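Bear in mind these aren't lab numbers, they're just calculated from the coordinates by the rules spelled out. Note that the structure is a prediction, hence the values are computed from the model and not measured. Every residue, glycine as well, gets a Cβ built from its backbone with ideal geometry; the counts of neighbours run over all protein chains shown.
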Amino acid sequence: MLWLASFFSSLSLGGSGFANPLQLSGVVLEIRIQRVIVDNLISLSLALPTLLLQKELSNDLVDPYVLGTLSGAFLFISLGALIFGLIALQQSTSFALGFLGSLIVGTFVAFASLRGGASKALIMGLAISISLQGLSSLLAYLVASSLNRPFLPLLLGTTEYVDRSTAFSLAIASVLALVGSIALIDEATAVGFGEDFARSLGIKPERTLAKSVIVASIGAGSVTGCCGILPFLGLISANIGKRLCPLEPYYEIFTTFLIASTVMMTSDALSSYVETPYGSLPVGAFLSTMGGLSLALLILRSELI
């Protein structure tokens, strides 16, 4: 019910991007439908791979961004904008740059997993993330200065500029993330019970983690490439999904998606309703606050029970 309420409110509350109040309602509805679809694709791309990673690493604070995929994607976008100018900020180009940067970093982390297991993969991801974060921020500052164009919306994350062709590319990445998550969820659950238990079932934890990292890189890279940074969506929804459906892997996937989609649609509707001189307020400004409060309330409720 909560998801349905978020869905219909997102279609009616969010701004359309048109200043003329006489615009046809059908045009406005078409714009809102596209943004709602993008919100759900983002939820698939970020939330489901996060669920896999948290299970395999037995760490509720892990998400694809922690493993360096965000820094890799944003570094390539910033570097491309600095070298090629405004061409790199076009939706199709930024999507390709973000996807490539995230996948390269994810490949390094996956290789570390194959060689050293979960602990080495996590350390490698954190090291890459910390190392690239400062460089990405510096490049973003240089891009904003050289192009005389605000780079902040991309830093905070926004769905306002996603066109149809990019949404189609995002849909492909989302389907890959969904299929990969469904294919790996049983192995991830087994690894969550301990490596010895997983090996007794013929599962190699390091390979499972490596495949999950690649799936997470695909999802995170595609989202960052078209929408910028959307913090904590995967982390929050995966935590809530696991608590609502413990030890039910496929229900966890479904619940995690519903939670992520609800948070994303609601945040996007509220942010797009607030207009600024540069367009709608970035959804990332709302996302962290809403998701963090939801997670805190759920944890508090579970402690009281």
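Taken together, the criteria place L97 among residues that are out of contact with any strand residue (DSSP E or B) (no Cβ under 9 Å at 6 or more places or on another chain), assigned to a helix (DSSP H, G or I) and surrounded by 19 or more Cβ atoms within 10 Å (Cβ to Cβ). One residue stands out in segment 258-267 among those that are closer than 8 Å to S237 by Cβ and in contact with a Ser or Thr (Cβ under 6 Å, 6 or more places away or on another chain): the one that is surrounded by the most Cβ atoms within 10 Å (Cβ to Cβ), namely A260. Residues in segment 180-205 that are over 17 Å from L114 (Cα atoms) and within 21 Å of the chain's Cα centre (by Cα): G180, S181, I182, A183, I185.
For segment 40-80, the set of residues classified as part of a loop (DSSP other than H, G, I, E, B), crowded, with 24+ Cβ neighbours inside 10 Å and not hydrophobic (A, V, I, L, M, F, W, C) consists of D63, P64, Y65, G68, listed by residue number.
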